[in-house]
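Contents: one structure, followed by commentary.
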Amino acid sequence: GSPQCLCICRNGDVWVGSNGHGLYKYDKSRDCFDQLMTDRQGNSLAGENIYALCEYGSGFAIGIHEGKLLEFDLESNVLSDFDTPQIHYKIIRSVACYDGESLYVGTQDGLFIVNEQKGYMWHASEDAMNPYSLSDNNVYSLCQDRDGGLWVGTMFGGVDYLPMQDYAFRKYFPTNRQ
């Protein structure tokens with residue numbers, strides 16, 4: 001399967017999520033990728049379409065295309081579902097964790113911000129009646145800036161900016177300049 005996402009960990013490890021073949025870790029000493037086959041409980045990512053991956057806790061948050069949002073704990077070698085039924089079985093395009101605690105998940109149904117420790121989840125979606133809502137539900141990319149604000153790349157609505165202090169989106173659309 002072809003690579004779909006990449007995660008370079010703080011310790012320098014390189015992990016790749018693939019389309020149809022699960023998760024791979026780069027082995028620098030052998031200059032090759034090793035497929036993660038099963039966790040200690042026999043759960044497998046082989047055959048999964050991993051479209052989003054980020055370092056989270058002592059492992060990863062993994063977005064399975066039209067599947068579940070999963071957590072893989074490297075220390076315990078356990079793969080488990082996040083308790084986020086609102087996110088499961090969506091098209092998960094991006095996952096990110098910037099503060100070590102909140103997980104940002106971009107889907108075809110908008111943006112979800114999950115904080116497991118606080119038992120909190122916020123769902124942002126497109127609302128034509130609200131000028132401060134997300135401009136498009138199809139969220140493709142996420143990037144946090146140095147001020148802590150979140151830039152959200154959408155499929156049809158341009159780029160949105162979410163300053164973390166007020167949860168009101170600012171919208172930026174491409175313009176045609178001639």
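Structure above, values below:
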| quantity | calculated |
| --- | --- |
| Within region 8-63, considering residues that are among the aromatic types (Phe, Trp, Tyr) and open to solvent by 60 Å² or more (accessible area, probe 1.4 Å), the one nearest to residue 102 (Cα to Cα) | 26 |
| From the options 160, 147, 136, residue that is open to solvent by 20 Å² or more (accessible area, probe 1.4 Å), farther than 18 Å from residue 70 by Cβ and acidic (Asp, Glu) | 147 |
| Total residues in region 111-122, condition more than 12 Å from the chain's Cα centre (by Cα) and either closer than 18 Å to residue 166 by Cα or of a type in the set (Asp, Glu) (or both) | 5 |
| Hits in region 66-109 - residues which are under 18 Å from residue 19 (Cβ atoms), open to solvent by less than 50 Å² (accessible area, probe 1.4 Å) and of a type outside the set (A, V, I, L, M, F, W, C) | 67, 90, 94, 106, 107 |
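Conditions tested, residue by residue: (1) outside any strand (DSSP E or B); (2) without any contact (Cβ under 8 Å) to a residue 40 or more places away in the chain; (3) touching a Gly at 6+ places or on another chain (Cβ under 8 Å).
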position	(1), (2), (3)
18	no, yes, yes
33	no, yes, no
52	no, no, yes
55	no, no, no
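The values are calculated or read from the model by the stated rules, or taken from the named source; none is laboratory data. Quick caveat, the model's predicted, so the values are computed rather than measured. Every residue, glycine among them, receives a Cβ derived from its backbone with ideal geometry; neighbour counts consider all protein chains shown. Calculation scope for accessible area: heavy atoms of the full protein, side chains included, ligands and nucleic acids excluded. Shrake-Rupley method; radii C 1.70, N 1.55, O 1.52, S 1.80 Å.
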